């Protein structure tokens, strides 16, 4: 069960880093608190803090111990929490990701449907029927850990991972869903694929999505997939972003 602490706890993570734990569990409210602390710290530009990375319920803080001691960092975080403003005041950014479900792009879609006792059309509707919060990035550059999957289509991961999964593949593993940003091994059940690139090292920022953003899957046909792929190659395609 998710739990938000009354006060965050700072844990050492080596000589130059610490983790600030605000609660336990995967929960939008807890992550909102994480993001609120992060945004407040970034706004303050605390001397000695080099990098702040949000996760499900903690912040990883890399700092210079010659400029900022662990105890001083702890005091800074206490002050931040005492005067915290809600991150909900920030506009919700929704990024629409066109996705072709099933067929060669989603070889495990039928298994997911059978496992859930649902038709393929209903699985697609439930998967695409919610906005997914990006909790954190990890595993590989550009990989998004998303929250909000409909529990009715939660599916166990493969017993034996695939050696190569194509970039853009959309998968389900347990109660999570995500998109593989690059070719590589993986054990998630593949249900679709997007032609949109989530990671491009030549761009700034290199990732399309960041923690705190929301992702919305938009079902498309195989013909639309081909057309969007061509538009991307020609530099004509622009990802749709909404604010709420």
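The values are calculated or read from the model by the stated rules, or taken from the named source; none is laboratory data. These numbers come from a predicted model, not from an experiment. Backbone-built Cβ (ideal geometry, glycine too); neighbour counts: all protein chains shown.
Structural remarks
- Residue that is surrounded by the most Cβ atoms within 10 Å (Cβ to Cβ), among those in segment 1-31 that are in a loop (DSSP other than H, G, I, E, B) and within 18 Å of the chain's Cα centre (by Cα): 27
- Restricted to segment 202-244, and to residues there that are in a helix (DSSP H, G or I) and in contact with a helix residue (DSSP H, G or I) (Cβ under 8 Å, 6 or more places away or on another chain), the residue that is surrounded by the fewest Cβ atoms within 10 Å (Cβ to Cβ) is 222.
- Set 138, 102: member being surrounded by fewer than 16 Cβ atoms within 10 Å (Cβ to Cβ) and not assigned by the TED database to the domain that holds residue 23: 138
- A residue that is touching a helix residue (DSSP H, G or I) at 6+ places or on another chain (Cβ under 7 Å) and closer than 21 Å to residue 243 by Cβ cannot be found anywhere in segment 69-83.
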